[in-house]
Amino acid sequence: MNGYKKLLACSAIVATAVALAGCQTEPPQSTDFKFELVGIPTVIDHRTTISLRLVHMDESPVVLSQMYVEYWVYNGPKDAPNHVERQELKISTQGYFVYSSINLHVGDTVHLVARVAPNSTTIRGSVTLP
């Protein structure tokens, strides 16, 4: 009977670990703001460039913000932990944030983070390429 209790306890520990691993998801997206693609993506020399903006839900643009793209980096030796990197986006002369990568393709989702002044509120969201 003692072996049965050990097996049951081990199963409970594994089930708890699996449940906790499933809970490590991205924070919910903002309901007050949204990220939008501006125009259509352009491709030059295998590099796709997109323009983005952050807007309030009433479609008015958000000013005084910084925008970042977040992506997973897979590197290092086997079984090394992966990590998320953040790349700050530059603002174009038209006032849109610009992101360019050789890894952007039709249907891809771009994960974004913005910091809005004056209190540096963090906003998370994403856009999907058409």
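For this structure, a couple of remarks:
- Positions within the range 71-90 being within 18 Å of ARG47 (Cα to Cα) and either free of Cβ contacts under 8 Å to residues at least 24 places away in the same chain or in a strand (DSSP E or B) (or both), in sequence order: TYR71, GLN87, GLU88, LYS90
- Filtering the range 31-70 to residues that are touching a residue at least 24 places away in the same chain (Cβ under 8 Å) and polar (S, T, N, Q) leaves THR31, THR48, THR49, SER51, SER65, GLN66.
- Any hit, the range 47-65, residues being in a loop (DSSP other than H, G, I, E, B) and in contact with a Ser or Thr (Cβ under 8 Å, 6 or more places away or on another chain): yes
- Out of PRO61, PRO81, sole residue that is modelled with pLDDT of 80 or more and over 21 Å from LEU129 (Cα atoms): PRO81
Residues checked against (1) modelled with pLDDT under 95; (2) farther than 14 Å from SER51 by Cα; (3) not in a loop (DSSP other than H, G, I, E, B):
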| position | (1), (2), (3) |
| --- | --- |
| TYR99 | no, no, yes |
| VAL110 | no, no, yes |
| PRO118 | yes, yes, no |
| PRO130 | yes, no, no |
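- If you go through the range 35-46 and keep only what is over 21 Å from THR109 (Cβ atoms) and in a strand (DSSP E or B), you end up with just ILE44.
- Number of positions in the range 34-50 that are within 12 Å of TYR96 (Cα to Cα) and within 16 Å of the chain's Cα centre (by Cα): 4
- Flag if GLN94 is in a loop (DSSP other than H, G, I, E, B) and either surrounded by 10 or more Cβ atoms within 10 Å (Cβ to Cβ) or among the basic types (Lys, Arg) (or both): yes
- Taken over the range 63-79, residues that are under 19 Å from the mean Cα position of the chain (by Cα) and within 13 Å of ARG115 (Cβ to Cβ) amount to 5.
The values are calculated or read from the model by the stated rules, or taken from the named source; none is laboratory data. Quantities reported herein were computed from a predicted structural model and do not represent experimental measurements. No Cβ is skipped: glycine too gets one built from the backbone with ideal geometry, and neighbour counts run over all protein chains shown.
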